[in-house]
1. What are the residues in the range A:398-408 that are touching a Lys or Arg at 6+ places or on another chain (Cβ under 7 Å) and at pLDDT 95 or above, if any?
2. Need the failing condition index for residue A:387 against (1) under 27 Å from residue A:661 (Cα atoms); (2) modelled with pLDDT of 95 or more; (3) open to solvent by less than 20 Å² (accessible area, probe 1.4 Å); (4) under 24 Å from the mean Cα position of the chain (by Cα), just the number.
3. Does residue A:139 satisfy being of a type in the set (Ser, Thr, Tyr), at pLDDT 95 or above and open to solvent by 10 Å² or more (accessible area, probe 1.4 Å)?
4. Quick one: in the range A:629-648, which of the residues that are of a type in the set (Gly, Ala, Ser), over 14 Å from residue A:745 (Cβ atoms) and open to solvent by less than 10 Å² (accessible area, probe 1.4 Å) is farthest from the other protein chains (Cβ to nearest Cβ)?
5. Test residue B:163 against the stated conditions and say whether it is within 14 Å of chain A (Cβ to nearest Cβ) and not acidic (Asp, Glu).
6. Would you call residue A:480 in contact with a Pro (Cβ under 7 Å, 6 or more places away or on another chain) and open to solvent by less than 40 Å² (accessible area, probe 1.4 Å)?
7. What is the residue count in the range B:207-242 for residues that are among the aliphatic types (A, V, I, L, M) and either touching a residue at least 60 places away in the same chain (Cβ under 8 Å) or part of a helix (DSSP H, G or I) (or both)?
8. Looking only at the range A:678-689, decide whether some residue is in a helix (DSSP H, G or I), more than 9 Å from chain B (Cβ to nearest Cβ) and in contact with a Ser or Thr (Cβ under 7 Å, 6 or more places away or on another chain).
Amino acid sequence: MEAFKSGKWETEIDVRNFVHLNYVQYNGDESFLSPATQRTRKIWEKVCELIKIEQKKGILELDVNTPSTILSHNPGYIDKQNEVIVGLQADKPLKRTIKPLGGIKLVKRAAESYGFNISKEVEEIFTKYRKSHNDGVFSVYSEKHKLLRKKHILTGLPDNYSRGRIIGDYRRIPLYGVNRLIEFKQDDLKTLSKYMTDENIKLREEVFEQIKALEEIKEMAKLYGFDISNPATDSKEAVQWMYFGYLAAVKQQDGAAMSIGRLDTFLDIFFEKDLQSGKYTEEQIQEMIDDFVIKLRIVRHLRTPEYDQLFAGDPTWVTMVLGGTDLNGKHFVTKTAYRFLHTLSNLGPAPEPNLTVLWSKNLPGKWKKYCAKQSVLSSSIQYENDELMKPYYGDDYGISCCVSGMAIGKEMQFFGARCNLVKALLLAINSGKEEAITHESEYKNEGGDIIIENFAALDNQEILDFDEIWGNFVDTINWIAKQYVTLMNVIHYMHDKYYYESEQMALHDLHVKRNMAFGVAGLSVVADSLSAIKYAKVKPVWNKNGVVEKFVIEGKYPKFGNDCEKVDNIAVDVVKEFMKALRKYPTYRDSKHVLSILTITANVVYGYGTGSTPDGRKSGEPFAPGANPMHGRDHNGAIASLNSVAKLPYEDSVDGISNTFSITPSSLGKNQKEQTENLVSLLDGYFTGKGGHHLNVNVLTRETLLDAQKNPEKYPQLTIRVSGYAVLFNKLSKEQQNEVISRTFHNKM
Amino acid sequence: MIGYIHSIESMGTLDGPGIRTVVFFQGCPLKCKFCHNIDTNFPKQGQEYTPEELFKKVIKNQEYWKNGGGVTISGGEPLMQPEFLLEFLKLLKENNIHTALDTCAKTSKSAIDSLSPYVDLWMISLKELDDVKHTELTESSNKEILENIKYIDGKKGPNIRIRFLIIPTLTDNEELIKKIGEFVNNLKNLEKLELLAYGTHGKDKWYEFFNLYHLENIRDANVQDLEKVKSQLQNFKFEVIF
């Protein structure tokens, strides 16, 4: 394509430079958008039919013979004649494949739970001849690592599947063509030939693998009839080339979250050119976007039923950021940002792609209103604070998974799930012993197993003393932090060794910044518990194993979520202490310690396996999701609740602070216009005013959810935001549905 | 100086323009049968605040008040604590906060005189025009109320929003609606007329405090009821919302 503005991007890989020089801002409203065409509707209906069958069967189809690689499967189509953008993970839509490099045992178990058997040959290869990531990790884990994992103090660790959270810069393929990318990589290799140090040897092998992957993407595209050696020459090629990059990634890896990055402004440059020249119409461009989004909605991995239970269905976290601003405050909103949000109207709401609007005071007012309107209608959008993230990630970053920022093509992450902080507090009270867990007043576990040795018993056994418990808690999280960092080092060493993401890393610079992403769950339970100990009287009732069976609370205490400094400061201190503890221990490949406050939907499962707490939460009851206040404890309305969460220090949790906000339409305003305007004010207040990081927005009535629970067939596309992503309500377990329904619905008195 | 506050709602969207922090004052001179916050009726209960403390608490939400938002003072009846209210309102206006006063307007003219420079929007809840029916419904005459509305309307500056509660069979007859329309139409500083729908959600609190509920046989008003009343008012020029 002719006539792009020249710049640095022509001589080196610099997509950001290309975007900055060439994009056209859009300040208008949504009236230019095109509705779904007949063609689009037909394809989407066909996919919906397949999804229905899939939901009944668990999974639609599984190839048990062929481990998935970029080139493992023949091309697949939904409707070959009518698809505008093509490419599937296997030869049929929704057909799943196996990826045993993470661990053959898990793949086998997952397949069997859906009535499939992995072929003998595959099993033999990955048992006898080829070591997997999972084998690697377990050959090195210490006894303490295994114990913390078994006791669910450290949970959700990526030690038997792919770690994910890496975003390839898929834009590089249409901008440079694969041949040019290979040349750049070959130049990289030359810079690594001087010293064969450990790190250089490792990097050389990785770049070699990356080049191989790039060759394979080219081959894969050829099977679909495209030559992607050279840059894309028009809009359709730009979308297609880029999608091939993403497709190759989800064929090679089954990462927990495989996000797609930041495409809107980049693609818009191609679209604008073609609209101007008359090559494509708005309708045709929307068809490309709709078709592309359909593809992203049907990415599938083989997971175990337990995984689905933990995360509610089949999340893939194809997170895509929209809008945002550059370092000087100039906004990045283009018509294509509108086009992506418009898919929620053209195709109906859906969890994927995980549409993430980057919020800033400098966004145009009409765009803000359109986002709010789509939120009110679909509950499918999350918002993140652009101004807060830019100092850390620059202005060409994406969001991985739910809330993790990273500069596209320049940063990657070692994902590390999370520590159950509530269990850490209970260890501090129970002098290093596992807590008792009861369900409906029957013991599930009487507790008492020693987790941390040589931990002195409490001086104050009758009434818990804040200073003593706080001291013990700090000691406990320091002990856990050491285990957590060393365990993460093991996981990521092995992942690099046995399950390296050569395709995604081929779309990165040679020298990337690596973040090691730790996490915490149950923050509001910990804050409220410590507040109860400090401001009320908490009497522990000890059982025969010397651990607390339940707590008796006398008096009132301030609760997180009411904009009250007394307790909000405790939550802040907990985050700071944990981060301080983590930073003491060196990380694999000198990665940077980062922390998220995020649970996904696992807050229900985590709570189920955690004993009674000093805040009055009963054994087995769910935690609040992410950084949310506990259900029903915020008594001053939604804004006071937002203000409490906004106080959590982003500098100590730069991997993200997830907050989920649910409000009934009538509490948001009298009519759609007011609801939209009030939501804009709310987002401006939370982000620009208070410096909050992330907000999921649900605008729903409790009655709708109750009806959907009873009559799921009436609500096939009912989508709700949960901590950091969205799910189909029907895919939540009964317990998760109940938890969502019971969660504070901000509803005016 | 101490004020008695029932509660604070930080995300109010139904009591005035934009997003508002709504402060519910304790105490009320009326005892409306339909009251849905009857626990605000009793004076000198609830949380104690100085005007400064209350101001410090609500001002934390000011970043959300773009687009016309601000603070609504409701209750109970805020005018039951006039000195405290005045000090609180002064603090808000010193900081250019938009203020709305949700009141039944049963108070002294001197209280109105002292407060009105600090009130941007008087949201006056009018229950009945007929004094006998008003007394039956609220245990209080409406004479002073109607006079006060006109008195406030005679002042320069503040806008008046009249709020009228539609209670099926009690306040939705065409004759009353027509009279309300005429009364409202005569106000010079009218912002708009807002129709509110009666609901039974205050019943539990009545039973808790008085062990009875007067409107046991009356159903909730619905959107159709409000639509109907709105259409009966269509010949007037003022704006009607609900």
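1. Here is the first cut: in the range A:398-408, the ones touching a Lys or Arg at 6+ places or on another chain (Cβ under 7 Å) are A:398, A:400-401, A:404, A:408.
Selection gives A:398, A:400, A:404, A:408.
2. Residue A:387 satisfies every listed condition except (3).
3. Numbers: of a type in the set (Ser, Thr, Tyr): yes; at pLDDT 95 or above: yes; open to solvent by 10 Å² or more (accessible area, probe 1.4 Å): yes.
When the stated conditions are applied, residue A:139 passes them.
4. A:644
5. Numbers: within 14 Å of chain A (Cβ to nearest Cβ): yes; not acidic (Asp, Glu): yes.
Here the answer is yes, as residue B:163 does meet what is asked.
6. Details: in contact with a Pro (Cβ under 7 Å, 6 or more places away or on another chain): no; open to solvent by less than 40 Å² (accessible area, probe 1.4 Å): yes.
The answer is no for residue A:480.
7. Going through the range B:207-242, the residues among the aliphatic types (A, V, I, L, M) turn out to be B:212, B:215, B:218, B:221, B:223, B:226, B:229, B:233, B:240-241.
Of the ones still in play, those that are also either touching a residue at least 60 places away in the same chain (Cβ under 8 Å) or part of a helix (DSSP H, G or I) (or both) are B:215, B:223, B:226, B:229.
So the answer is 4.
8. Within the range A:678-689, the subset in a helix (DSSP H, G or I) is A:678-689.
Restricting the remaining residues to those that are more than 9 Å from chain B (Cβ to nearest Cβ) gives A:679, A:683, A:687.
So of that shortlist, the ones also in contact with a Ser or Thr (Cβ under 7 Å, 6 or more places away or on another chain) come out as A:679.
Yes: one or more hits.
The values are calculated or read from the model by the stated rules, or taken from the named source; none is laboratory data. Keep in mind it's a predicted model, so treat the numbers as computed, not measured. Note that each Cβ is placed from the backbone with ideal geometry, even for glycine, and that neighbours are counted across all protein chains shown. Only protein heavy atoms, including side chains, enter the accessible area calculation; ligands, DNA and RNA are left aside. Shrake-Rupley method; radii C 1.70, N 1.55, O 1.52, S 1.80 Å.
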